[in-house]
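**Q** Take a look at this one; I'll ask things after.
The values are calculated or read from the model by the stated rules, or taken from the named source; none is laboratory data. Since the model is a prediction, treat every value here as computed from it, not as a measurement. Positions of Cβ are generated from backbone atoms using ideal geometry, with glycine treated the same way; all protein chains shown enter the neighbour counts.
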Amino acid sequence: MINLENVSKSFGDVVAISNLSMHVRAGSITGFLGPNGAGKSTTLKLVIGELFPDLGTVSVMGENPINNSRLKQKTGYVSEHDDLYPWMKGKQFVTSLAKLLLPREEAERAAKEALAKVGLAVKGKKIKAYSKGMKQRLKVAAAIVHNPDLLILDEPFGGLDPLGRREMKKLVSDLNHDGVTVLISSHILYELDQMSNRMNLIHRGQTLAEGAPSEILELIDQFPHQILIHAPIDQLQSLSKLMIDESIISSLNFMKRDKTTNLVAVTNNPKEFYPKVTKLVAENEIFIEHLESTTDNIEAIFEYLT
Amino acid sequence: MTMQYEKPKSEFSTTYVERAIILIQLFLNKYIYDKKTYILILISFLPLLRAVSLDNAGIDDFVDLIGPMSIVSFIIMPLISLILGVSSISDEKENKTISQLLARPVKREEIVVSKWITIMIVGLIIIAIDSLILFLGFNILLPGSFDVFRNLSVLLGTYFYLSLWYVVYATIFLFVGVFLDKNALGLGLAIAYFEAFFGQFIFGGFGGNSPFSIANHVNYVASEYFLSDFMSYRVSNFDEFSSLLVCVGIVIGFLALAAVTMRRKNFP
């Protein structure tokens with residue numbers, strides 16, 4: 001569906017993308033994951049035809065996307081920006097854009113359905129009065145109003161509350177179920193790993209990995225995870241000994257903060273670590289107040305992978 | 001839930017004209033809510049401050065007020081053309097709304113031509129209001145200076161003269177707005193005053209009005225076709241029809257340049 005072959009793009013001295021290759025299969029939800037500034041938006045703009053590649057080729061459904069209005073009939077794009085006309089009303093905005101492709105009556109019906117689909121039913125309110133979440137939904141409605149075959153979403157979860165995120169994920173899954181291929185970017189791993197059936201990791205303008213989410217997660221799981229455990233000191237001592245005996249950690253540190261002591265454990269195998277610690281705690285009746293992973297930082301993971 | 005309508009086939013179900021109308025409606029909406037539109041109407045009161053100081057004023061003084069090298073032709077018209085011309089595309093770029101347009105099944109050239117038609121509609125309406133304000137304002141400030149009803153042809157001539165200014169300059173500035181990503185307004189201002197100042201005054205100092213000034217051609221056309229009883233203006237080695245062709249050529253040329261530039265442009 002989408003093929004990028006050895007694509008490079010620079011803006012002056014800044015190299016946004018360097019020799020990037022990427023493939024999106026028809027019918028998939030492809031998660032496009034990378035830290036901020038990795039080149040995700042530039043890549044998506046190349047796919048949608050807003051940018052010309054300096055080197056390499058970009059093809060969407062076998063065609064060059066630049067100024068290709070026939071291709072745009074089959075694609076929908078949600079940019080990361082607040083690219084709405086604030087003086088318009090939501091329905092008027094979506095209807096106007098739909099009329100570029102559909103006859104008047106059909107455009108109005110399609111706009112109504114697209115707005116219902118994203119759960120936006122605001123009457124008489126101008127876009128400038130919309131919340132960030134409402135604007136995000138409106139952008140999605142405008143992107144799907146012409147029933148595209150390919151939907152490209154650039155950071156669509158930004159500004160959405162947890163309920164909004166869940167609804168957006170469901171909407172994307174539903175669209176995919178109806179046959180729409182989805183390419184969705186985010187810098188947050190957990191936003192994509194559940195919903196995607198393909199994942200592409202990008203860092204510093206280059207593809208790091210491409211494949212099924214399970215393969216990608218496995219790759220990420222090899223990254224040393226740091227876990228902070230808060231418990232009374234005697235309990236921490238007992239737990240440390242047990243974890244060393246079980247060989248599930250690569251290092252241990254005791255951290256004293258104010259009057260409390262925390263244990264910082266590092267493991268190379270988080271998949272194995274969590275069930276074993278749970279078992280050890282239960283079997284040995286160890287009291288733990290708090291346990292958390294401190295390595296959710298995607299940038300740290302990407303730094304490790306490169 | 002699945003949508004009821006059929007998926008569009010590989011060809012458009014709308015024509016070029018239908019899409020242009022939708023785009024123009026979309027763009028026109030902006031100007032109704034944009035404060036700039038009303039400021040461009042209000043600035044037409046400024047030249048009237050100059051009129052207050054006139055003694056025994058007549059219809060000739062009114063034409064002097066809007067004619068060549070006046071505050072209207074030298075400052076207000078370039079300003080209106082500049083603001084509407086440059087901002088038409090550069091506003092879309094700055095507000096990132098260009099993304100919405102580029103993602104739609106319309107050619108980039110269609111966006112440029114629709115923008116051009118939009119700024120022509122808006123500009124020509126503003127100039128109609130401005131001409132009326134100047135014409136009636138002059139008469140109200142200087143009662144008895146001329147008979148309004150007997151001089152309606154001057155009002156019409158003023159409108160055509162200022163409209164020609166606008167059409168030519170706004171098209172050039174539309175191109176500037178497409179071509180430049182930053183400082184388009186600043187460069188447009190520099191072009192307007194460089195062209196008007198050097199073209200009209202300095203180059204004009206060498207044997208009559210210079211043919212290198214667009215302003216001179218506009219003034220010449222107006223003096224022959226729109227306000228022939230009140231204006232006398234010549235351009236060296238040009239007749240009035242050639243000057244008209246220069247104006248038309250500039251409009252077509254810069255519109256084509258804007259479309260070609262848009263076609264090849266990156267929108268980061």
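**Q** If you check B:K35 against the conditions, is it within 14 Å of chain A (Cβ to nearest Cβ), over 30 Å from A:L44 (Cβ atoms) and of a type outside the set (A, V, I, L, M)?
**A** yes
**Q** Any idea which residue in region B:46-93 is modelled with the highest pLDDT, counting only those that are hydroxyl-bearing (S, T, Y) and closer than 18 Å to B:V218 by Cβ?
**A** The extreme case among them is B:S81.
**Q** A further question follows. For region B:84-101, which residues satisfy the criterion of being at the interface with another protein chain (Cβ under 9 Å from one of its Cβ atoms) and farther than 21 Å from A:I66 by Cβ?
**A** Listed by number, the list holds a single entry, B:N95.
**Q** Go through (1) touching a helix residue (DSSP H, G or I) at 6+ places or on another chain (Cβ under 9 Å); (2) in a loop (DSSP other than H, G, I, E, B) and name the single condition A:A26 misses.
**A** (1)
**Q** What number of residues within region A:17-35 are within 14 Å of chain B (Cβ to nearest Cβ) and over 19 Å from A:P65 (Cα atoms)?
**A** Adding up the residues that qualify gives 0.
**Q** Report yes if some residue within region A:261-282 is outside the structural domain of A:K170 (by TED's automatic domain parsing), among the acidic types (D, E) and modelled with pLDDT under 85; otherwise report no.
**A** Checking region A:261-282: at least one residue is outside the structural domain of A:K170 (by TED's automatic domain parsing), among the acidic types (D, E) and modelled with pLDDT under 85.
**Q** Is it the case that A:K91 is more than 7 Å from every other protein chain (Cβ to nearest Cβ), at pLDDT 90 or above and crowded, with 24+ Cβ neighbours inside 10 Å?
**A** no
**Q** Let me ask something else. Looking at A:A98, A:A143 in this structure, which one is within 9 Å of chain B (Cβ to nearest Cβ) and buried (at least 19 other Cβ atoms within 10 Å of the Cβ)?
**A** Being within 9 Å of chain B (Cβ to nearest Cβ) and buried (at least 19 other Cβ atoms within 10 Å of the Cβ) holds for just one of A:A98, A:A143, which is A:A143.
**Q** One residue is enough: does region B:247-266 have a residue meeting the conditions within 14 Å of chain A (Cβ to nearest Cβ), in a helix (DSSP H, G or I) and β-branched (V, I, T)?
**A** yes
**Q** Given the conditions (1) more than 14 Å from every other protein chain (Cβ to nearest Cβ); (2) touching a residue at least 60 places away in the same chain (Cβ under 8 Å); (3) in a helix (DSSP H, G or I), which single one is not true for B:S114?
**A** Going through (1) more than 14 Å from every other protein chain (Cβ to nearest Cβ); (2) touching a residue at least 60 places away in the same chain (Cβ under 8 Å); (3) in a helix (DSSP H, G or I) one by one, B:S114 breaks only (1).
**Q** Ok, one more. Among (1) at pLDDT below 85; (2) within 25 Å of B:L124 (Cβ to Cβ), where does B:R19 come up short?
**A** (1)
**Q** Please work out which one of (1) of a type in the set (A, V, I, L, M); (2) more than 15 Å from A:L33 (Cα to Cα); (3) surrounded by 16 or more Cβ atoms within 10 Å (Cβ to Cβ) is the condition A:L163 fails and give its number.
**A** Status for A:L163: all satisfied but (3).
**Q** List every residue pair whose Cβ atoms lie under 8 Å apart, where the two residues are 6 or more positions apart in sequence or sit on different chains, the first residue falls within region B:42-68 and is among the basic types (K, R), and the second residue, located anywhere, is at pLDDT below 90.
**A** That search, which allows pairs on different chains as well, returns B:R50/B:L65; B:R50/B:I71.
**Q** Something else about it: Which residues, counting only those in region B:139-157, are modelled with pLDDT of 90 or more and within 12 Å of B:G58 (Cβ to Cβ)?
**A** Passing the criteria: only B:V154.
**Q** If you don't mind, another one. Are any residues in region B:130-147 in contact (Cβ under 8 Å) with a residue 12 or more places away in the chain and exposed (fewer than 15 other Cβ atoms within 10 Å of the Cβ), and if so, which ones?
**A** If the condition is that a residue be in contact (Cβ under 8 Å) with a residue 12 or more places away in the chain and exposed (fewer than 15 other Cβ atoms within 10 Å of the Cβ), then B:L132, B:L136, B:L141 are the ones that fit.
**Q** Additional query: Take region B:19-32 and flag every residue that is of a type in the set (D, E, K, R) and more than 12 Å from A:A98 (Cα to Cα).
**A** Listed by number, the list holds a single entry, B:K30.
**Q** Restricting attention to region B:49-60, and to residues there that are within 16 Å of B:I133 (Cα to Cα) and surrounded by fewer than 17 Cβ atoms within 10 Å (Cβ to Cβ), which single residue is farthest from the chain's Cα centre (by Cα)?
**A** It comes out as B:V52.
**Q** May I pose another question? Take region A:149-174 and flag every residue that is in contact with a helix residue (DSSP H, G or I) (Cβ under 9 Å, 6 or more places away or on another chain) and at the interface with another protein chain (Cβ under 10 Å from one of its Cβ atoms).
**A** Those that are in contact with a helix residue (DSSP H, G or I) (Cβ under 9 Å, 6 or more places away or on another chain) and at the interface with another protein chain (Cβ under 10 Å from one of its Cβ atoms): A:I152, A:D154, A:D174.
**Q** Within region A:36-73, restricting attention to residues that are part of a loop (DSSP other than H, G, I, E, B) and aliphatic (A, V, I, L, M), which residue is farthest from the other protein chains (Cβ to nearest Cβ)?
**A** This residue is A:A38.
**Q** Please go through region A:214-260 and give me each residue that is polar (S, T, N, Q) and either surrounded by fewer than 16 Cβ atoms within 10 Å (Cβ to Cβ) or at pLDDT 85 or above (or both), ordered by number.
**A** A:S214, A:Q222, A:Q235, A:Q237, A:S238, A:S240, A:S247, A:S250, A:S251, A:N253, A:T260 - these are the residues of region A:214-260 that are polar (S, T, N, Q) and either surrounded by fewer than 16 Cβ atoms within 10 Å (Cβ to Cβ) or at pLDDT 85 or above (or both).
**Q** On the basis of being outside any loop (DSSP other than H, G, I, E, B) and either within 11 Å of chain B (Cβ to nearest Cβ) or not hydroxyl-bearing (S, T, Y) (or both), does A:G119 make the cut?
**A** no
**Q** Criterion first (over 17 Å from the mean Cα position of the chain (by Cα), surrounded by fewer than 23 Cβ atoms within 10 Å (Cβ to Cβ) and among the hydrophobic types (A, V, I, L, M, F, W, C)) does A:A111 satisfy it?
**A** Here the answer is no, as A:A111 does not meet what is asked.
**Q** Only residues in region A:156-171 that are free of Cβ contacts under 8 Å to residues at least 60 places away in the same chain count as the first member; pair them with residues that are among the polar types (S, T, N, Q) and in a helix (DSSP H, G or I), Cβ under 7 angstrom, at least 6 apart or cross-chain, and list the lot.
**A** Here the result reads A:G159/A:Q136; A:L160/A:Q136, each pair linking region A:156-171 to a residue that is among the polar types (S, T, N, Q) and in a helix (DSSP H, G or I).
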